[in-house]
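Just below is one structure, and these are the notes that go with it.
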Amino acid sequence: MENASLQCRQVNALDMVDYLQSLGFTPQKVRGNDYWYLSPLREEKTASFKVNRKLNAWYDHGSGQGGRLVDFGILYFKCTVAELLKKMAGETSFTFSLHPQQAASADEKKQNRESHSKIQIISTREIADPGLRHYLSTRQIPLPVANQFCDEVVFELYGKKHLAIGFKNEGGGYELRNEYFKGSSTPQTAPDDHSKTGK
């Protein structure tokens, strides 16, 4: 029971907006931290399914239901909690994402776009840096979960080397996060031999 509770916390730590994207759902509108969707749980013509990205929680105004990712999963897949956890444990088709504390501002997004082409991946390995491990703990992401989906990435930006948590994006590059940086890389160099496969 305790293990199931731990797994639920791990699933709930995944970013809900990114997970919905992996299922093919895109927001109809975004207002600050609120992402509005046509409900994935029922048919509707006006978006009334809201995800607050800061809280990483959802609420369906049409049905009056809401909660975290686990609550959504058992309704969407029509399964038990145990079945959902089993599915999520074997899920490799969606991009793992650390839940951001808040949505990026317009200036941050512009800076990230400008930085993408300048980021060069130097090497990847299992997450070992104490600073990155501390960053994971502040986001309440267990290290075993992070190591299953992510790498410790050394990258170069504007001639300086940096460390970040990295997870593969659909373009073949990395989504990079640390306490002070958030950005993406394009596939410029092949990952080294320590890179995980199947992500």
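The values are calculated or read from the model by the stated rules, or taken from the named source; none is laboratory data. Please read all numbers here as calculations on a predicted model, not as lab measurements. No Cβ is skipped: glycine too gets one built from the backbone with ideal geometry, and neighbour counts run over all protein chains shown.
The table that follows gives values for the structure above.
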| quantity | calculated |
| --- | --- |
| Number of the exception - W36 against (1) surrounded by fewer than 16 Cβ atoms within 10 Å (Cβ to Cβ); (2) part of a strand (DSSP E or B) | (1) |
| Selection within region 132-158 - over 13 Å from the mean Cα position of the chain (by Cα) and of a type in the set (V, I, T) | T138, V153, V154 |
| Qualifying positions in region 11-39 - among the aromatic types (F, W, Y) and touching a strand residue (DSSP E or B) at 6+ places or on another chain (Cβ under 7 Å) | F25, Y35, W36, Y37 |
| Pairs, first closer than 13 Å to D129 by Cβ and without any contact (Cβ under 8 Å) to a residue 24 or more places away in the chain in region 147-175, second outside any strand (DSSP E or B) and not small (G, A, S), C-beta under 6 Å, six or more apart | N147/E126; N147/I127 |
| Flag for V17 being modelled with pLDDT under 90 and crowded, with 18+ Cβ neighbours inside 10 Å | yes |
| Residue tally, condition without any contact (Cβ under 8 Å) to a residue 12 or more places away in the chain and not in a loop (DSSP other than H, G, I, E, B), over region 39-70 | 3 |
| Listing of strands (runs of 3 or more DSSP E) fully contained in region 122-191 that carry 1 or more residues being surrounded by fewer than 21 Cβ atoms within 10 Å (Cβ to Cβ) | 151-157, 160-168, 182-184 |
